[in-house]
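Report on one structure; see the data block that follows.
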Amino acid sequence: MNRKIDAATATEQLYSLYKHDVYRYARYTTGDTGLSEDVVQEVFVRVLRNWDKFRGDAGVKTWLWKIVRSCIVDMARKQSRQPDASPFDETIRSHGSQSGNALFEMEDMLKQLSAAYRDVVVLRLIEDWSTHETATILGWSESKVKTTLHRAVQQLRSMMDEGGNVNGVPRSARTVPGIE
Amino acid sequence: MEYQDLRERFQVLSNVQLPPAKDVAIERVLQLEIEKYRARPLRMHRRSTVWRRVGTVTAAVAVVAIAVGMVTSHSAPAPSNTVAPVTAQGNIQYTAKNKADVAQQAQAVNVTPYLPYEGPSADQLQDVKATTDGEPRIVLTYKQFTVQEQAVSADHSGGTGISETVYLKDGTKAFYNHFNNQRNIPVSLLFVQLGNTYITIQGTGGDAGPALNKEQMLQIANSLKPLK
């Protein structure tokens, strides 16, 4: 993307290109669909306001993801101050989706990981960022990314070996409203 | 590739998308922010271009609003005399009882109800009910289609069909999606936000006949009017 385009055009282009990626990242790292939608909006408002400060030291997507992470931290903090805030909502399940249970099963697995494991799994295995890019976004060393991913993968494999039981409850015993 | 098996397991998560209705709402917010950004104090050499651009957008919005006589969530309510008398048009008619039922059900789930007045052929309201299974919403059932209305953006992610951005006659953005459901019955969906109401029109095949096509779904969506 040309760094010389104006902020409005850049915002429109980045929104068009990355809105779904931002949404997925926010949704899988926070586990909260409502918060994730708010994050998407806030991210691109910040892009508009900060585009003139983007110097091109990193790739535009990496720059965007730093904004995404900062938004998630700010908004999660704000939400945690509200009395009824809950970390993971169930609205994700409230409407039918074609990919149904497989989707929810994988989301459930992610939710059981620690925040650091979740971050690295989402960036490396779902969003397909390189180790170097992931390290830049998270502000970690590349070796920390590799080590953390390795441990996260071990935990995931262990969960899968246990038959996809989530929080001790077999998937087959759980009901999902709105899903046939 | 490293951890290929896990990447494949997680593939299902890569298909999730921002819900269309929320996408529309965010785009509106961003457009407002962009207009504010463009209208801020600027250097003299850019001012004329920027104001010409803002002026064009404002004029276009005004023309659409006047021509259509209806507004959406981020605009001020239209004066009541700009809304066409709805009962006199279209091939879907409502009795006073139909309207009272819809109003009652909508009130129960805090939804501002809209009614379609045009369908592919003459039709009538078969049933209306409020449900709290999932997001609280009302479900209006007609012979050839159903209309779901709710106050909270629906999560329409995960669909495997072809999704397409479409526009109503007044320029309102909507999303059209069609696919075969788990029983291999063709389904077409159209998502649109009007005011504070998130509306999903579903044209289902099966006993009622083939799924409605895009033009038919748009015809229904274009005829949606707030319940009076």
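The values are calculated or read from the model by the stated rules, or taken from the named source; none is laboratory data. If you're wondering where the values come from, they're calculated on a predicted model, not measured in any experiment. Note that each Cβ is placed from the backbone with ideal geometry, even for glycine, and that neighbours are counted across all protein chains shown.
Filter segment B:26-64 down to the residues that are at the interface with another protein chain (Cβ under 10 Å from one of its Cβ atoms) and at pLDDT below 50, then identify the one that is surrounded by the fewest Cβ atoms within 10 Å (Cβ to Cβ).
Selected residue: B:R46.
Tally time: how many residues in segment B:99-111 are assigned to a loop (DSSP other than H, G, I, E, B) and not β-branched (V, I, T)? Give the derivation first.
Here is the first cut: in segment B:99-111, the residues assigned to a loop (DSSP other than H, G, I, E, B) are B:109-111.
Then drop every residue that is not not β-branched (V, I, T), which leaves B:110.
Looking only at that region, the number is 1.
Per-residue answers, yes or no, for (1) touching a Cys at 6+ places or on another chain (Cβ under 7 Å); (2) in a loop (DSSP other than H, G, I, E, B); (3) more than 10 Å from every other protein chain (Cβ to nearest Cβ); (4) farther than 21 Å from A:T134 by Cβ:
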residue	(1), (2), (3), (4)
A:I5	no, yes, yes, yes
A:T11	no, no, no, yes
A:T29	no, no, yes, no
A:S36	no, no, no, no
A:V40	no, no, no, no
A:G56	no, yes, yes, no
A:T62	no, no, yes, no
A:V68	no, no, yes, no
A:C71	no, no, yes, no
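Can you tell me which residue is farthest from the other protein chains (Cβ to nearest Cβ) among those in segment B:3-25 that are buried (at least 21 other Cβ atoms within 10 Å of the Cβ) and of a type outside the set (A, V, I, L, M, F, W, C)?
This residue is B:P20.
Can you pull out every residue in segment A:47-64 that is closer than 12 Å to A:T11 by Cα and touching a Ser or Thr at 6+ places or on another chain (Cβ under 8 Å)?
Those that are closer than 12 Å to A:T11 by Cα and touching a Ser or Thr at 6+ places or on another chain (Cβ under 8 Å): A:V47, A:L48, A:W51.
Mind checking which residues of segment A:20-32 are surrounded by fewer than 22 Cβ atoms within 10 Å (Cβ to Cβ) and over 16 Å from A:S70 (Cα atoms)?
A:H20, A:G31
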